[in-house]
1. Relative contact order of the stretch 155-213: what whole-number percent is it, with Cα pairs under 8 angstrom and at least 6 residues apart?
2. With 32 Å as the limit, write out which pairs from Lys8/Lys48; Lys8/Lys158; Lys31/Lys169; Lys22/Lys290; Lys101/Lys293 have Cα-Cα distances beyond it, or answer none.
3. Heavy-atom accessible area per residue, the stretch 137-259, 1.4 Å probe: how many Å²?
4. If one computes the Cα centroid of the stretch 47-104 and of the stretch 174-220, what distance in Å separates the two points?
5. Could you grab the relative contact order for the stretch 201-298? Cα pairs under 8 Å, six or more apart, rounded to a whole percent.
6. For the stretch 83-221, report the translational diffusion coefficient in µm²/s to the nearest whole number, using Stokes-Einstein at 4 °C, 1.567 mPa s, and a Kirkwood Rh over Cα pairs.
7. Once the Cα gyration tensor of the stretch 123-203 is diagonalised, what are the square roots of 5 times its eigenvalues, in whole Å and ordered largest first, as equivalent ellipsoid semi-axes?
8. Considering Cα pairs under 8 angstrom that are at least six residues apart, work out the relative contact order of the stretch 1-159 and quote it in whole percent.
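The values are calculated or read from the model by the stated rules, or taken from the named source; none is laboratory data. Keep in mind that what you see is a predicted model, and the values were worked out from it rather than measured. Positions of Cβ are generated from backbone atoms using ideal geometry, with glycine treated the same way; all protein chains shown enter the neighbour counts. Keep in mind that these areas ignore ligands, DNA and RNA; they rest on the heavy atoms of the full protein, side chains included. Shrake-Rupley method; radii C 1.70, N 1.55, O 1.52, S 1.80 Å.
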Amino acid sequence: MEPEKLEKNDTIGIIAPCYVVKKHQYDEVIKEIESLGYQVVLGKNIYKSTYGYASSEFERADDFNSMVTAKKIKMILFGGGFVGNEIIPYIDFNSILQNPKIFLSYSDGTTILDTIYSQTGLVTYYGQRPATFASITEYNKESFTRNLVFGNIHEFMKNSGWDVIYPGKAEGILIGGYLENFSFLLGNRYFHYECDEKYLLFLEDYYEFSQPIQISMYLSYIEQSPFINNVSGLIFGHYADTVNTELHSRLYRFGKKYGIPIIYCDDYGHGINNGILQIGRKAFLDSDTKSLKYVSFE
């Protein structure tokens, strides 16, 4: 199920389920989004620091659910952090089914985006956060427009070279996000997957947060889950500005062990390029053409 696409003058709601926003932190963000032709509404608890690091899970969930039921809100945008998982038990998934909207986030937002898709079947969008819109690049603006305004795109837009770590072709439902968050989701009672489906996994991590030894640990969580039997291929996003041979070696072993294609690129993640990937959309990965093509909705 796809949400309706954005039109000029639509309203975008910004919340902070994963951290606390400092006063005026989003002033430039709001200005830039409005310059693109949209209205902006902030969650009422976005600046509240009940716990120091964030408002309470109940306050954050209230912001989330209020945005879902607000008729004028077309898209819900939020950034990363650490504690997005705390609100999962309090999300009103039935309201999301009745009011399907665009959900866009990245990093710690992985947990929320994948769980929404898992619980409702609604396509969600990974790759951009509020800070993306402060001095937004042309690539990021075009990715936003192609995915959320134009609609049924047919191919992920590239802005960098794609490195083939392990060759092959794969088809499956796109799912994934930030590596640590996704690995922790496996086994979570709010997240499930179809045992008879194939999933095309996309992941990313960042050298300032995780060294290759930690990435190997998170990948091992995935390998030791029954979910690994459903993985048809893997795309790994931006990690650092230079090639990390330990990371690439670990990804190669992952691909060789399971006989699945592995691609590394710099088009999404914690770098300059914040390309958007559609969680829940079926896609085809081809290492020969170094492309990710979406299968059209029926």
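1. Working: 36 pairs, mean separation 24.5, N = 59.
RCO, the stretch 155-213: 42 percent.
2. Values: Lys8/Lys48 30 Å; Lys8/Lys158 26 Å; Lys31/Lys169 43 Å; Lys22/Lys290 41 Å; Lys101/Lys293 23 Å.
Violating the 32 Å limit, Cα to Cα: Lys31/Lys169; Lys22/Lys290.
3. On the way: 5820 Å² over 123 residues.
Accessible area per residue: 47 Å².
4. Result: 22 Å between the Cα centres.
5. Numbers: 111 pairs, mean separation 26.3, N = 98.
Answer for the stretch 201-298 is 27 percent.
6. Working: Rh = 16.7 Å.
Diffusion coefficient, whole number: 78 µm²/s.
7. Working: eigenvalues 127, 64, 40 Å².
Ellipsoid semi-axes (Å, largest first): 25, 18, 14.
8. On the way: 278 pairs, mean separation 43.6, N = 159.
It rounds to 27 percent for the stretch 1-159.
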